[in-house]
Every structure is written in structure tokens, then in C-alpha cells.
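The values are calculated or read from the model by the stated rules, or taken from the named source; none is laboratory data. A quick note: this is a predicted structure, and the numbers were derived from the prediction, not measured. Here the Cβ is made from the backbone with ideal geometry for all residues, glycine too, and neighbour counts use every protein chain on show. With ligands, DNA and RNA removed, areas are computed over all heavy atoms of the protein, side chains included. Shrake-Rupley method; radii C 1.70, N 1.55, O 1.52, S 1.80 Å.
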Amino acid sequence: MAKILVTGGCGYIGSHTLVDLIQNGYTVISADNNSRSNPGILNGVEQITGKTVKNYKVDLCNFDDTFAIFQENPDIAGIIHFAAYKAVGESVEKPLMYFENNITSLINLLKCVQEFHVPHFVFSSSCTVYGTPDDIPVTELTIPKPAESPYGYTKQMGEQIINEFAKSSGTRCILLRYFNPVGAHPSAKIGELPIGRPQNLVPAITQTAIGKLPSMTVHGSDYPTRDGSCIRDYIHVSDIGHAHTLALQYLEQGKNKRLCDVFNLGTGNGVSVLEAIHTFEKVSGVKLNYMIGPRRSGDVVAIYANNDLARNELGWNPEYTLEDMLSTAWEWEQRLLADDAIFGSQPKELN
Ligand code: WQD
């Protein structure tokens, strides 16, 4: 089967995608400089799949080192590009670092795609490209508003760069716009490894529940929503991983309608912060210690997906429920506590 290069393969979504690709018969390699990830996660991938994954510990901002991966693997038949910085708050503090890292790495990769005639390219995009939409649910035709952060701009710019590249090179590309990826593989052998204090809701919930954090804050309960807290479209990371396999198959089978297709990856269900917390308490049996705090700047009030296109075109049917998302996240958090030697000491803060 085709050899796929997964950049950021040691990351949260990358590792879950490696598992799905392997289980669907693909040969995979990873390129990840581990600046924001732990190579130990590949042991979990091996435990689940029985396959060892080679990781090239390469900074994709270094063109020569990136090119060398392709020289060693001229049979790369497709690329799934995850590797990027993605901390929204950090991007506001360090915009140049985000533009340099996320855009330079993408351009280096695309230069290699061109040089080695790699036919298929799948890009990790995000619902953040929509900014604050006027109407929800958002479809792929929803006109993106200005991004809420430099991180969001790197995703909007990345999509435009890939669009133009596809037109000029003939490479068939797919942009996958994730909503809020959460949860962990049901085996609890891989999952999310936040660096430092988690910014995202679900790891903040599970780390509070297990006692790593004394409490957590709900960022605002005075929004114009059904319970005053923000609404998001939480989607299980394994459902996200499977969508990447389906996207590659879609391209391999020549089903793409355009040189660059776009798909929303969300459940289509909006869930509020408080609903997520209460659901967690129900599935875990843990009473969560949270307080209501001020709104967080940059937060969108509500966003969730219309996922008809991914369902109808890719044949994607997300299978995990909100309960599954939260229970697998909880099982993973408990595993981390039980085997804290699994990954050694995680970096205490973003480097
Ligand atoms: C969700 C809601 C918070 C933590 C993320 C990524 C972004 C993109 C989309 C990849 C918000 C609230 C959170 C906490 C809280 N993913 N919250 N207390 O902001 O939607 O964006 O997913 O591209 O990169 O950042 O996700 O989990 O940070 O927040 O109340 O301790 O939970 O205010 O309303 P967000 P999030």
C-alpha cells in the first residue's frame, strides 16, 4: 500500500491518524521535531497497531533537512500535514514565531511535493478560519471572517497558499477544517499530552478531576446562549483521524471535484461549556471543582459545523458520542497518572 508522510505524527491528532492509516493498510512515516510533542507516543501507536513508525526528527523550516526526507523516501504517495504551532493565546504574544514556523514549514513541504511529484496533499486546517460567523452551523461555503488570532491567520493563509499551489502544480489537495478535537483512543494507549497548563477545555476538565489542577474556570457564563456559556462542536480525535484516511482514499480514487477540496470535520452538534462539564461529571462520577470567571478574549460565542459534505463526499460518519469523548479523555488522564513514567517528564511550558 501507498507510503504516507505524516508531519506532526507524534502529536495528538497526528498519532491518532497514524493508527487509522496503519489499520487501513497504509505504510506510514512521520516527520516531527518534537518541539511540542513526545516521541514516546509512537510506542502507543505500535502497541495498538503492531507496527513501528519511523519518525524523522526534522524541523520542516529547514529546507535541506526536509528535502532529505523525500530523497530517502522517493515513493511518498501522499502527505498529511499536521506539524504547526497551534496555541491561540501564544500566537497573540508571539505572532512572528507563528507566521515563520507555520508558513515556512508549509512552503518547504510544498516545494518538495513539487520536486518529487507527490500526487496528494491533505492539510490540517481549522474552524478558526471562519472567525466569528454570522450564521451557524457553518458550511464550507461560509465566507471566512477575519481570524481571531495570528494562529487563525496562519490557517487562512495556509489554505490560500495550498489553493494557489494546487492550481499551478496539479497536485490534488484537501483542506480539513477541524472543529474541537477531544478525547483519546479507546485503548487509552495514546491521547492528548498538553504542555504546561492546558488551554483547551477537555484537558482542563480531566486534569482538574484527577487533581493535577486544583480547579478550573468557566470563561464566561453571560453569553447569549442557552445556558450563558460558549458553544462548540466537540469531535472525537479518532473520528478526525479516520477522516484523513477517507480523504486520501477520496483522492486516490479520483473523486475530488476540484484540485483543492474543503471539508468541515465536526459532529454538527453544538455543546456548551457547562453541558460538557455536566456530561463529564455524569460519565466519570466525579464532581468537578469549577468556578465561573470572566470571558476569555478571542473566544467565539458559538460555532458548530454543517458536516453534510464530508458525510456525502468522503463517506465520513463520526461514531463517537459526547459521552465517549469525555469518558475516553478521562480514561487517558487516569492512565497518565497510573503510568506517569510512560512519557517521562513532559515539558513544563511551551518552548
Ligand atoms: C472551548 C471553550 C473556552 C478552557 C480550540 C483550539 C483551536 C482550534 C479549535 C485547532 C471556550 C472554554 C476552555 C477552560 C473554559 N483547534 N474553556 N475553561 O478556543 O474553541 O479552540 O479548538 O485548530 O486551535 O484552541 O477551544 O478548548 O480552548 O475552548 O471555559 O479552562 O471552552 O472559553 O469557550 P477553542 P478551547
Legend entry - Evaluation of Ile79 against (1) within 17 Å of the chain's Cα centre (by Cα); (2) under 22 Å from Glu192 (Cβ atoms); (3) at pLDDT 95 or above (one fails), failing number: (2)
Legend entry - Within the range 38-58, tally of residues that are closer than 14 Å to Leu109 by Cα and among the basic types (Lys, Arg): 0
Legend entry - Only one of Asn264, Asn269 that is outside any helix (DSSP H, G or I), of a type in the set (S, T, N, Q) and open to solvent by 10 Å² or more (accessible area, probe 1.4 Å): Asn269
Inset, instruction - Find the residue count for the range 199-224, including only residues that are open to solvent by less than 30 Å² (accessible area, probe 1.4 Å), part of a loop (DSSP other than H, G, I, E, B) and within 10 Å of Val273 (Cβ to Cβ). - result: 2
Inset, instruction - Assess whether Ile136 counts as being surrounded by fewer than 22 Cβ atoms within 10 Å (Cβ to Cβ), within 14 Å of the ligand (Cβ to nearest atom) and not hydroxyl-bearing (Ser, Thr, Tyr). - result: yes
Legend entry - Filter result for the condition that a residue is open to solvent by 20 Å² or more (accessible area, probe 1.4 Å), at pLDDT below 95 and within 14 Å of the ligand (Cβ to nearest atom), over Gly196, Gly170, Gly152: Gly196
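Return the only residue of Glu319, Glu323 being part of a loop (DSSP other than H, G, I, E, B), more than 16 Å from the ligand (Cβ to nearest atom) and touching a residue at least 12 places away in the same chain (Cβ under 8 Å).
The conditions single out Glu319.
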Legend entry - Sole exception among (1) under 27 Å from Val6 (Cβ atoms); (2) part of a loop (DSSP other than H, G, I, E, B); (3) touching a residue at least 12 places away in the same chain (Cβ under 8 Å) for Gly254, by number: (3)
Legend entry - Which numbered condition Val58 misses (of (1) open to solvent by 40 Å² or more (accessible area, probe 1.4 Å); (2) within 24 Å of Ile103 (Cα to Cα)): (1)
Legend entry - Unique residue being within 20 Å of the chain's Cα centre (by Cα) and either open to solvent by 40 Å² or more (accessible area, probe 1.4 Å) or among the basic types (Lys, Arg) (or both) when the list is Tyr304, Tyr234, Tyr290: Tyr304
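Here's the yes/no breakdown for (1) under 18 Å from the mean Cα position of the chain (by Cα); (2) surrounded by fewer than 17 Cβ atoms within 10 Å (Cβ to Cβ); (3) more than 30 Å from Glu148 (Cα to Cα):
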| site | (1), (2), (3) |
| --- | --- |
| Gly8 | yes, no, no |
| Lys51 | no, yes, yes |
| Lys86 | yes, no, no |
| Pro95 | no, yes, no |
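Out of Tyr178, Tyr223, report the one residue that is over 25 Å from Asn43 (Cα atoms), within 11 Å of the ligand (Cβ to nearest atom), out of contact with any strand residue (DSSP E or B) (no Cβ under 6 Å at 6 or more places or on another chain) and not hydrophobic (A, V, I, L, M, F, W, C).
Details: Tyr178 fails: out of contact with any strand residue (DSSP E or B) (no Cβ under 6 Å at 6 or more places or on another chain).
Only one candidate qualifies: Tyr223.
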Legend entry - The listed residue being buried (at least 19 other Cβ atoms within 10 Å of the Cβ) and more than 16 Å from the ligand (Cβ to nearest atom), out of Ile161, Ile190: Ile190
Legend entry - Pairs with Cβ under 7 Å, 6+ apart, first in the range 59-82 and over 11 Å from Ser105 (Cα atoms), second open to solvent by less than 30 Å² (accessible area, probe 1.4 Å) and assigned to a helix (DSSP H, G or I): Phe67/Cys112; Phe70/Cys112; Ile76/Phe70; Gly78/Leu248; Ile79/Leu109; Ile79/Val113; Ile80/Thr17; Ile80/His244
Legend entry - Residues of the range 95-140 classified as in contact (Cβ under 8 Å) with a residue 12 or more places away in the chain, among the charged types (D, E, K, R) and in a loop (DSSP other than H, G, I, E, B), total: 1
